[in-house]
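Quick notes on the structure that follows.
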Amino acid sequence: TATLGRDIAIAYDWLYEWLSPADRQMIIEGLDRRAIQPFWQCVADDVWWVNGRNNWTTCVVGGLGIIGMALAGDHPESRRLIDFAQPRMLKYLEQYGAQGEFNESVGYAPVTRLPVMYFEALRYATRGEENRLAQWPFVETALWNAYACVPPGRFMLFGDGRTGRPAELDFLATIAAASQDSLLQWFYLNYRQDVREEPPHLPLGFLGFDPSLAATSPTGRLPLGRAFAEHSAILVSRASWDPQATPCVVYGKAGIEINHEHHDAGQLCIDGYSDRLIVDPGAPSDYPADFFGPNRWKYYNASWLGHNVVTIDGEHMIAPRGACADILAAEFDDQRGGYWQLDLAKFYPRATRVVRTVVHALPGIAVVVDDVVAANDQTLALRWHTAAPATLDEHGSFWFETSNARLTGQVTGLATTEVQVSRGAHQFSPPFHMGRAGAPLEQRREPFILVRPASPQARIVTLFAVTPAGATAKPRGRDGCQRTILQD
């Protein structure tokens, strides 16, 4: 209702001079009957989204605020709608992190277009006197969205996201124009959806685009690696800012978002040459009816079993809403690469130490060390979800190819740690196999490499090498694989 009413009101404003008085009256009466009065009834009923801090609030409250601005003096309650919406929309902005971090999963970040639409309407309605888009958090969250993109125009798949979902960054054009930020102009021009021959999600980029603003490449101006400290707390290291293909992007997260949260603190993924390689399964094909209740973690998509993290058999990750691991270190160098280290123990029941260290050596080498000390009766496991079924040998070496890339890996234990490496695949099992629409969930059977240490105290090292598809590098046993990775 709010979306349709907002768009009709914008059309009313644009076409005002070409509408007859009768047409105008018909539109005003329709918006009043179908949008404005039902909205005030929701306010009287104190519906949960009226004073919320999520996309329902920005869609409905913000949408009705835009209706008020578009109708202006033609509706007797226009001013009331504007005055009601503005403080709530300003309050919503407080949920962004200091560096623009969004408070839900990356896949839901495009809903930032809703406050962008609202404050762009406000900028026009005030003839530019109120330009909130040039202030925090808009430029910051636009850059956060840019870092959360991987070539060729996809969002990182973390938490409750959809596999292959294109990055919806058309709203960056509006922020770029309002703030005259040439870097954001570059990201918009290189990531907008029509570049990828897909219809834009909204005409927002077209409406807000300033063709006179120059575009400046981030190469040499923005670091290739960055750590964000709030909400999902994403960490990313890339080989280049090439928007179509880059040899390697290594990215992880330290936190668990509120709403749609998954048990995925410490998650790590790898892309190479525009293909997903070490992956997150993402959301199921349909939300089960009980997905947003206590049964959510019965589905591997949300459980820690569906992520590239150390797990404890028979238990679940402790996941306080909005919790974040301690980031012990995070450093990045555009010439060498980057690394980060996370203390994840707070998420693990009956474990006293869970530390993950990630190193990305440019362009395509990644090393992950998992250092775990758990109770003596616990059985540990580590899963690496691969984009395609991998070939595995008796030495713990594995490899596979996608259309554009080859990933070679090796898992081994440090010191006295012994590991058993095998292959597996996920499957939904009754009664947790149905979507809320009544159809069975799609059985994607996502493959993974399963690592089981012999002891609850373990130090596991995983080595990855990313090369173009068709590369001749192949593991040659435990030591040979390490030499091959370093040589390549």
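The values are calculated or read from the model by the stated rules, or taken from the named source; none is laboratory data. Treat the numbers as computed from the prediction; the structure is a model and nothing was measured. FYI the Cβ positions are ideal-geometry reconstructions off the backbone, even for glycines, and counts take in every protein chain you see. Keep in mind that these areas ignore ligands, DNA and RNA; they rest on the heavy atoms of the full protein, side chains included. Shrake-Rupley method; radii C 1.70, N 1.55, O 1.52, S 1.80 Å.
List of remarks:
- If only the Cβ of Lys and Arg carry +1 and only the Cβ of Asp and Glu carry -1, the dipole of the range 246-379 around its Cα centre is close to 180 debye.
- For R423, the residues whose modelled amide H falls within less than 5 Å of its own, excluding neighbours fewer than 5 places apart on the same chain, are L450.
- If you take the alpha carbon atoms of the range 231-290 and fit the smallest convex hull around them, that volume is 105 Å³ per residue.
- Whole-number Å³ per residue for the convex hull built on Cα positions in the range 271-391: 146
- Across all C-alpha atoms in the range 396-453, the radius of gyration and Dmax reach 16.6, 51 Å.
- Relative to the 2.2 N^0.38 Å rule of thumb, the range 87-175 has a C-alpha radius of gyration ratio of 1.10.
- Taking the average, over residues, of other Cβ atoms within 10 Å as the packing measure, peptides 162-172, 209-219, 340-350, 268-278 rank 268-278, 162-172, 340-350, 209-219 from highest down.
- For the range 363-470, the ratio of Cα radius of gyration to the globular rule of thumb 2.2 N^0.38 Å stands at 1.27.
- Taken about its Cα centre, the chain carries a charge dipole of roughly 840 debye when the Cβ of each Lys and Arg holds +1 and the Cβ of each Asp and Glu holds -1.
- Equivalent-ellipsoid semi-axes for the range 384-423 (Cα gyration tensor, √(5λ), whole Å, largest first): 22, 9, 8.
- Carbon and sulfur %, accessible surface of the range 151-288 computed with the full protein complex present, 1.4 Å: 54
- The chain - mean residue ellipticity at 222 nm from DSSP helices (-39,500 (n - 2.57) per run, n ≥ 4, rounded to 500): -7500 deg cm²/dmol
- With 10 Å bins from 0: P(r) over the chain, alpha-carbon pairs, percent: 4, 19, 27, 24, 15, 8, 3, 1, 0
- Cut-off 10 Å between beta-carbons: net charge of the residues surrounding D290, Lys and Arg +1, Asp and Glu -1: +3
- Neighbourhood net charge (15 Å Cβ-Cβ; Lys/Arg +1, Asp/Glu -1) for G438: -2
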